[in-house]
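The values are calculated or read from the model by the stated rules, or taken from the named source; none is laboratory data. All values derive from a computational prediction rather than experimental measurement. Virtual Cβ from ideal backbone geometry, glycine too; neighbours counted across all protein chains shown. Accessible surface is based on the protein model in full, side chains and every heavy atom, while ligands, DNA and RNA are left aside. Shrake-Rupley method; radii C 1.70, N 1.55, O 1.52, S 1.80 Å.
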Number of protein chains: 2
Amino acid sequence: MRTFKSLLTAAALIATLTSVHAADKSPTFAKADLNSVRTLRERGLADDTAWRLVESLTTEVGPRSAGSPGDAAAVAWAKREMQRLGFANIRTMAVTVPHWVRGEAQLAVLSPWPQPMPVLALGGSVGTGAEGIDADAVMVRDVAALSALPAGAVKDRIVFFTNRMERTQDGSGYGKAVAVRATGPALAGSLGALGVVIRSVSTSDDRFPHTGATRYRDDAPRIPAVAISNPDADALERQFGSGKPVRLRLYSTSRDLPAAQSANVIGEISGSDRAAEIVLLGAHLDSWDPGVGALDNGAGVAITMGALNLIQQAGLKPRRTIRVALFANEEFGTSGSRAYVAENQAEADRHVLGFEADFGAGPVWRLSSRVNPAQLPVVDEMLRALAPFKLARGGNEASGGADLDGLAKLGMPILSPDLDGTKYFDFHHTADDTLARVDPAALRQSVTAYAISAWLGAQYPGTWEKVTTPKAARR
Amino acid sequence: MRTFKSLLTAAALIATLTSVHAADKSPTFAKADLNSVRTLRERGLADDTAWRLVESLTTEVGPRSAGSPGDAAAVAWAKREMQRLGFANIRTMAVTVPHWVRGEAQLAVLSPWPQPMPVLALGGSVGTGAEGIDADAVMVRDVAALSALPAGAVKDRIVFFTNRMERTQDGSGYGKAVAVRATGPALAGSLGALGVVIRSVSTSDDRFPHTGATRYRDDAPRIPAVAISNPDADALERQFGSGKPVRLRLYSTSRDLPAAQSANVIGEISGSDRAAEIVLLGAHLDSWDPGVGALDNGAGVAITMGALNLIQQAGLKPRRTIRVALFANEEFGTSGSRAYVAENQAEADRHVLGFEADFGAGPVWRLSSRVNPAQLPVVDEMLRALAPFKLARGGNEASGGADLDGLAKLGMPILSPDLDGTKYFDFHHTADDTLARVDPAALRQSVTAYAISAWLGAQYPGTWEKVTTPKAARR
């Protein structure tokens, strides 16, 4: 304990010594580069380019799930908008994507008290066949509770998962709750169940079910799986509370079509003396189909494109290349970022620093990282340059997002300007993910924070060291 | 002006003289009756009978539009619950109701930017036929703007009404906005349009369309009419903003079935020395079909039944009879209250005072009235008895609600404990009208305010005078 206190004292001393530097002085960054931070901040907080991008993407394209006509329209949109903004080296990279279609789905309680309930099939779910499924239901909290049931308990039944997601600013409630959606149907199928109904992985009391990918196992039957909203899950629990058998009817026409073609869309500002090194700004271009993908992930597309545009419009010439990569099909298997890593395998080491925006429209409230520990002081200096935004300092286990997984495994450092997720899971993966959920001021702040972080990442006079620790589990 | 000021001064003087009476003293009400007010308040604010009623109605019955299986289930539920609560003279009164079924509806923007938009058919709308309707759209603000267009402007087109409802505590924004829904389709049909899309009469940015009745005219073609949510209406306006023709595809299987049987459900506490006089607590039992009718009008059912139960459980014996009437089919033509008036025509004058609860789950924030002006001081005394609730004094032009229209036309006085409508039109007539929207504390307060008002109305030592002024337009 005493040793720990001494360490804290030493750390506090170092912090004090470091903090005597004003925001425009730094032991690392050039004064001119810090002056440019001020320029970016002033311009960024008055710039609605990102707003116009998310407005345009949601209005002119809208839903764009992998393989759909909207997906192709989104690729054309992104290429056109990058051209309009004058990005350099614009190109598309072909990506083969799975093509699942939702069809329609219906759920009805047959007894004790007949009621219909709005549902969404989980992404990738098989359908029920034309006759649907009528079966008694078994209520369990989560996958652990399902695993603990006696053998045969769910055979020929529909399994209803009741666990409710917790609301948090950093979205950590999602990681805890999402296992039911990702693995619940596979587990239930392996136990002989006929179908699955989950309480949506959602923090809202609105009556919108949330979709999202489920993952079947090769060694278990694939059974249909749908989500109901929180108020319907509450109502279904009350039906169970009657003590009488709860019988459900499930119908869904979800199905897989042959794989389809999509594309990553890439554009950049070329670097000067260190142009071979790439600072990557990643965001996925696809969305789930029920909404128009404003928060998930029109906002991320707008933040990354808006940040690159902001740096360019300020007339800044970065030392390293800053690249925006809009990835195909994050939602149903991260096809685009996987293809990107495969195609850039020989040049993976050129990706010296990665950012991702895939958590709504902000504001940024914290700066997290996943850098070589020796370079944590550099992150601290970047945080000081962002002082007007009053960001918290996050830990050094940032994931960035799912599309950075591949490069992170190869050791790419990550900077994560963390977007406020308090309300994100009220709307995420629902029909209600619309432009009405994007706050223009929060979006401007987010673009500006990303631009400043990316700019300093590109100007860093040292070498971004590889990270050798394993990447933490995705938030 | 001087005369007006003198009147004000005189009124203020009278108010001052009147207000020296403490809450438990009154020139009108007996001390014992005012003591009972305290009992009702203390018991009511601790009583969750109303909550359990709305929970039960929404869980065990759910959607209950006129003529549907849920409608019949609701009648059985109400009779059973009145029996369980020990109401007197429980009976049903047969009511013939129209039986419209929603079927399914779809809307898609075909150009300039293809997008689907969730819709709800307006109540009573005809369908499109299996082939649907493909047509260019004309955007207008409201009925007045449509009327002002040149002849032929909407012939063979779909008319899109854009007017947005204003949010207010008293719900007055609804009356201003609802004309588009009620009469817009009839007008558009008379002008040769093929269909109508309205911006929902809603204050919410959630992506829920709002349904509600439309009224066709006998002298104009009946054309299909649907509502889209506010965010979709915004998106559709942006499509018009492109300057290109906006083409829509509308599909709906809505249709009328033969008239069906439903019922009003009635129960009461019999009065003592003035039992022939009735204080009426009205609420409609039906709901629109997309939600489970928690706010509209499970809450009203629960408030009126909860208030009667509260008086009874407190052991109070009212002088006048206090009657709860749960009316069939308010939503699509007030069939139940019309039948009630027709059946009680000879006894209409026995209904000496009416209340209605049809505006959500509270809290009560104001006491309005429609009484003979000579009896306004009695209302002021009732307001004083409600002093702990800090209610505002409303005007003397209260409507009460649509189901009081018939009796009000015959001169029945109305007392209106006004329920807070600030958020009501976020959920009203949508799939999102669920139990999650009912706040137990607000509901308890509302029940208590209704019970106290009804109790004092039943104990009033004088005679409730008929009202001879015409009833104001419904809010």
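The figures follow:
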| quantity | calculated |
| --- | --- |
| Check on residue A:461, more than 14 Å from chain B (Cβ to nearest Cβ) and open to solvent by 20 Å² or more (accessible area, probe 1.4 Å) | yes |
| Residue in region B:209-255 that is nearest to the other protein chains (Cβ to nearest Cβ), counting only those that are acidic (Asp, Glu) and more than 25 Å from residue A:54 (Cβ to Cβ) | B:218 |
| Of all residues making up region B:230-248, the number that are in contact with an Asp or Glu (Cβ under 8 Å, 6 or more places away or on another chain) and surrounded by 19 or more Cβ atoms within 10 Å (Cβ to Cβ) | 4 |
| Test result for residue A:108, surrounded by fewer than 21 Cβ atoms within 10 Å (Cβ to Cβ), in a helix (DSSP H, G or I) and either at pLDDT 95 or above or within 14 Å of chain B (Cβ to nearest Cβ) (or both) | no |
| Filter result for the condition that a residue is over 29 Å from residue A:399 (Cβ atoms) and touching a strand residue (DSSP E or B) at 6+ places or on another chain (Cβ under 8 Å), over A:157, A:141 | A:157 |
| Any hit, region B:69-76, residues being out of contact with any strand residue (DSSP E or B) (no Cβ under 7 Å at 6 or more places or on another chain), buried (at least 21 other Cβ atoms within 10 Å of the Cβ) and not charged (D, E, K, R) | yes |
| In region A:369-379, residue farthest from the chain's Cα centre (by Cα) [restricted to those that are within 28 Å of residue A:42 (Cα to Cα) and surrounded by fewer than 19 Cβ atoms within 10 Å (Cβ to Cβ)] | A:377 |
| Close pairs (7 angstrom Cβ cut-off, 6 or more residues apart or separate chains): within 24 Å of residue A:338 (Cα to Cα) in region A:88-108, surrounded by 14 or more Cβ atoms within 10 Å (Cβ to Cβ) and of a type in the set (Phe, Trp, Tyr) anywhere | A:93/A:340; A:98/A:332; A:100/A:332 |
| Of the criteria (1) surrounded by fewer than 24 Cβ atoms within 10 Å (Cβ to Cβ); (2) modelled with pLDDT of 95 or more; (3) assigned to a loop (DSSP other than H, G, I, E, B), which one residue B:207 fails | (1) |
| Residues of region A:340-357 satisfying the condition of being surrounded by fewer than 22 Cβ atoms within 10 Å (Cβ to Cβ) and touching a Leu at 6+ places or on another chain (Cβ under 8 Å) | A:341, A:348, A:349 |
| Criterion violated by residue A:354 - all others in (1) touching a helix residue (DSSP H, G or I) at 6+ places or on another chain (Cβ under 8 Å); (2) in a loop (DSSP other than H, G, I, E, B) satisfied | (2) |
| Any hit, region A:54-68, residues being in contact with a helix residue (DSSP H, G or I) (Cβ under 6 Å, 6 or more places away or on another chain), farther than 20 Å from residue A:436 by Cβ, away from chain B (no Cβ under 12 Å) and open to solvent by 10 Å² or more (accessible area, probe 1.4 Å) | no |
| Single condition residue B:317 does not satisfy, out of (1) over 30 Å from residue A:108 (Cα atoms); (2) in contact (Cβ under 8 Å) with a residue 60 or more places away in the chain | (2) |
| Selection within region A:405-428 - closer than 25 Å to residue A:349 by Cα and either in a helix (DSSP H, G or I) or open to solvent by 10 Å² or more (accessible area, probe 1.4 Å) (or both) | A:405, A:406, A:407, A:408, A:409, A:410 |
| Residue that is modelled with pLDDT of 95 or more, surrounded by 24 or more Cβ atoms within 10 Å (Cβ to Cβ) and more than 14 Å from every other protein chain (Cβ to nearest Cβ), where the choices are B:316, B:308, B:295 | B:308 |
| Flag for residue B:238 being among the basic types (Lys, Arg) and within 22 Å of the chain's Cα centre (by Cα) | no |
| Boolean, residue B:175 is under 15 Å from the mean Cα position of the chain (by Cα), modelled with pLDDT under 95 and more than 14 Å from every other protein chain (Cβ to nearest Cβ) | yes |
| Failed condition for residue A:66, given (1) part of a helix (DSSP H, G or I); (2) at pLDDT 95 or above | (1) |
| Answer residue from region B:432-447, given it is assigned to a loop (DSSP other than H, G, I, E, B) and open to solvent by less than 20 Å² (accessible area, probe 1.4 Å) and is farthest from the other protein chains (Cβ to nearest Cβ) among those | B:438 |
| Residue list for region B:188-208, filter: under 21 Å from residue B:170 (Cβ atoms) and away from chain A (no Cβ under 14 Å) | B:201 |
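For every residue, the table says whether it meets (1) in contact with a Cys (Cβ under 8 Å, 6 or more places away or on another chain); (2) open to solvent by 10 Å² or more (accessible area, probe 1.4 Å); (3) at pLDDT 95 or above; (4) assigned to a helix (DSSP H, G or I).
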position	(1), (2), (3), (4)
B:283	no, no, yes, no
B:289	no, yes, yes, no
B:301	no, no, yes, yes
B:331	no, yes, yes, no
B:338	no, yes, yes, yes
B:360	no, no, yes, no
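Let's see how each residue does on (1) surrounded by 20 or more Cβ atoms within 10 Å (Cβ to Cβ); (2) assigned to a helix (DSSP H, G or I); (3) at pLDDT 95 or above:
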{"position": "B:17", "(1), (2), (3)": "no, yes, no"}
{"position": "B:41", "(1), (2), (3)": "yes, yes, yes"}
{"position": "B:46", "(1), (2), (3)": "no, no, yes"}
{"position": "B:90", "(1), (2), (3)": "no, no, yes"}
